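Read through the structure below, which is laid out as structure tokens, and then see the notes.
The values are calculated or read from the model by the stated rules, or taken from the named source; none is laboratory data. None of these values were measured; they are calculated from a predicted model. Every residue, glycine as well, gets a Cβ built from its backbone with ideal geometry; the counts of neighbours run over all protein chains shown. Accessible surface is based on the protein model in full, side chains and every heavy atom, while ligands, DNA and RNA are left aside. Shrake-Rupley method; radii C 1.70, N 1.55, O 1.52, S 1.80 Å.
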Amino acid sequence: MLESIIELGGKVLSQKEGLDALIQEVPLESRKGEKKHVCKIIFDTRNKIFDVDVNEEIDENTVKKYLHVGSADGSNSPQWYITSKGSSYILSELFPNLKEQGLFADIVDDILTNFYWKSEESLGHRKYNYMLDIKKLGISEKTMEALKQEALKENKPGKKLLDLVGKEFEKWIADKKGCKKDDIGLYTVIVNDLVLVEDKDYQAKVLESKKPKGAAGGKKKGSKSSKSEQNLQCNVCGSFQNISSDLNKMKIKYFTTNQEIFKGSLKSYEKSLNLCSSCIEKLQAGEIFVQQNLGVNIAGFDVLVIPNLIYGSGVEYEEMKNLTREIINTVNMSKSIDALTDFRQQLDLLKEFDDIIYLLDFVFIRRSNAATKILRLIKDVKPSFFELLEKAVDELKEMAARHISIYNYRGGLNSVYYLTPVRFKSGDNSSFRDLLALYDALFLGRQVDEKHIISNLVKGCRIIFHAQEGYNIKTSRDNLHYFILDGIFFTKFLEKMGCMKGGEKVSYSSLGLPDNLCSFMEEMGYDQMQGAMFLLGYLVGEVGNAQYRRYSESGGDGTYKPVLNKINFNGIDKNKLIRLRSEILNKLRQEKILQYNEKIYAACVQLMDRNINNWKLNKDENLFYLLSGYAYATTAPMKKKGEENSDKQ
């Protein structure tokens, strides 16, 4: 992955150099599709006037014009880059940090004296020492002292005070200029008609700040390096020139560099990864390109999709950019495949790059202010994965249409997420490892544990039935049978993607079952035990349908199916199967529908009795196949009670 990003960065640098390669893009439009604006924060030190200008709309050239290079590298680093996506740095630490950098010495003191308020006591960090004086500048009626007293009640008073100042500042811009926070894409500073980012000394300082420390980990001038340090070699290109082990410039955290327990006998992490200055420059450009052009969202996770060029090192920058665009379009369409025709057309566009041989790395990440942390790296995914995906979805759509006409199967990458229970904690995915392991197996065609998949599906059913909140699954009971159907076809999807072994085809034609049941069970590959549970579940569904009809005819609504209370959603042991079978028989009699389902019941009994002494299904599997039959009976076209039925005896 690292080498791939460096290679991409090299292609970027073939077209861009210096600061141009460090420019970071921002969205041009808001969520509502309206143009975003640049907020120019204006200081007139000669006339002591403060103002903002939000008239300029953001276009493709704006980030370069105002030198937007993101934030300063490293966790808790002083922020002194003048243009940013938020206003907080400008409202607080920007000018003190510019002073420390030796920049704009002739105006910084004037600005801090006339436009900023200084706290006389510590607010937790020195970056909160100065704040824009919103009362003095006419931005708010609230004084800084009053806001400070409110902030001191919190555990992090400096952060709280900055939040309070920021809200007053945003409200003032919205009221005075008619521009809300969501309408602003960039903030920058103008002092005495000078756009600060145009200053040559500032630009040189920014470029210098992006360069890594020396090979000796930033040793002081005059200190001696050991012989081993002098012989450091770039781990990517093999160069011995200008080697550095400084990883602070990296925006993506490839491995830990601050945990003592992982360091072992090493004195430091300095030799974990060594890169020459050329590779670091390419890496920085590559990281920016990847995060701006190769990011997607799969089921709530931020994912970087990085091509690893196997044969195509001579690919030019523009062709590489076109390829990456089609890769991302393909991944986005594969998340939920509803219109197969459109997806096939996209695959045809991707095939136009068949002369470039590449593999894909899917990098699941979590973004933070300090760095981008890697949650899971799925390496070397073949582009043919998408063709296999299209074929599997096509076959399953056809199968669903043939057996359950009112059910619309939607396959794709997102289905994995919605069928794997993930418990949320404080708005974050706290139990994602199992899910990411499943994505790993899917992309690479590795085998998964069928029992574990079924256990997860049963857990999802339990969450819905008991309306358990805090999961990624809708808890409406109306959703239960559709969730089960999705689960049935999900197991077939995993089979077709090479992740699970399908069952051997068993013939049920001798049992006297309706053709639609025989056909479905045989195509699903149910063995006799699975078939027995499916038929028992089908009868549960027939009882539920009868109960629902009776309740609806009396003026009721909702999902009234008391028979579901007979089912233990924690799983069904083999010992309880015979009792449940008897209870369902009584319910069929009570609802006066036994005569329409007698052959189905007889087939269920025959299959169950034939295998009960050698029963191999666990309690979750028993429940899953029973619920599969229930969902089929609930959703498939059903013959109404009283209709002439070929099953009637």
Checklist entry - What is the number of the single condition among (1) closer than 25 Å to VAL12 by Cβ; (2) open to solvent by less than 80 Å² (accessible area, probe 1.4 Å); (3) among the β-branched types (Val, Ile, Thr); (4) in contact (Cβ under 8 Å) with a residue 40 or more places away in the chain that ILE337 does not meet? => result (1)
Next on the checklist: Anything in the range 170-196 that is more than 23 Å from GLU29 (Cβ to Cβ) and open to solvent by less than 100 Å² (accessible area, probe 1.4 Å)? List them, or say none.
Outcome noted: TRP172, VAL189, ILE190, VAL191, ASN192, LEU194, VAL195, LEU196
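So, GLY503, is that one open to solvent by 40 Å² or more (accessible area, probe 1.4 Å) and among the small types (Gly, Ala, Ser) or not? Let's see the steps before the verdict.
On the way: open to solvent by 40 Å² or more (accessible area, probe 1.4 Å): yes; among the small types (Gly, Ala, Ser): yes.
For GLY503, the condition - open to solvent by 40 Å² or more (accessible area, probe 1.4 Å) and among the small types (Gly, Ala, Ser) - is met.
Could you check the range 503-523 and list, in sequence order, the residues that are in contact with a His (Cβ under 8 Å, 6 or more places away or on another chain) and over 17 Å from TYR630 (Cα atoms)?
The first filter runs over the range 503-523 and keeps only residues in contact with a His (Cβ under 8 Å, 6 or more places away or on another chain), leaving 516, 519-520, 523.
Selection gives GLU523 alone.
From the list LYS587, LYS592, LYS574, exactly one residue is touching a Phe, Trp or Tyr at 6+ places or on another chain (Cβ under 6 Å), modelled with pLDDT under 95 and either surrounded by fewer than 17 Cβ atoms within 10 Å (Cβ to Cβ) or not acidic (Asp, Glu) (or both). Which is it?
After applying the criteria, what remains is LYS574.
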Checklist entry - Which one of the conditions (1) at pLDDT below 90; (2) over 30 Å from SER77 (Cβ atoms); (3) assigned by the TED database to the domain that holds ASN322 does THR372 fail to meet, given that it meets all the rest? => result (2)
Checklist entry - With (1) surrounded by fewer than 18 Cβ atoms within 10 Å (Cβ to Cβ); (2) over 25 Å from the mean Cα position of the chain (by Cα) as the list, and ARG31 as the residue in question, which single condition is left unmet? => result (2)
Checklist entry - Where in the range 276-370 are there strands (runs of 3 or more DSSP E), lying wholly inside it, with at least 1 residues that are in contact with a helix residue (DSSP H, G or I) (Cβ under 7 Å, 6 or more places away or on another chain) and of a type in the set (D, E, K, R)? => result 357-367
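I'd like to know if the range 40-48 contains one or more residues that are closer than 30 Å to LEU112 by Cβ and of a type in the set (S, T, N, Q). Step through it out loud before you land on a result.
Taking the range 40-48 as the starting set, the residues that turn out to be closer than 30 Å to LEU112 by Cβ are 40-48.
Still in the list and also of a type in the set (S, T, N, Q): 45, 47.
There is at least one residue in the range 40-48 that is closer than 30 Å to LEU112 by Cβ and of a type in the set (S, T, N, Q).
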Item to check | Among residues of the range 42-83, those that are part of a strand (DSSP E or B) and closer than 30 Å to GLU17 by Cβ, counted | outcome: 1
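Residues in the range 400-407: is at least one among the polar types (S, T, N, Q) and modelled with pLDDT of 90 or more? Can you show your working first?
Narrowing the range 400-407 to residues among the polar types (S, T, N, Q): 405.
The next check asks that each one be modelled with pLDDT of 90 or more; those that pass are none.
Checked against the condition, which is being among the polar types (S, T, N, Q) and modelled with pLDDT of 90 or more, the range 400-407 yields no hits at all.
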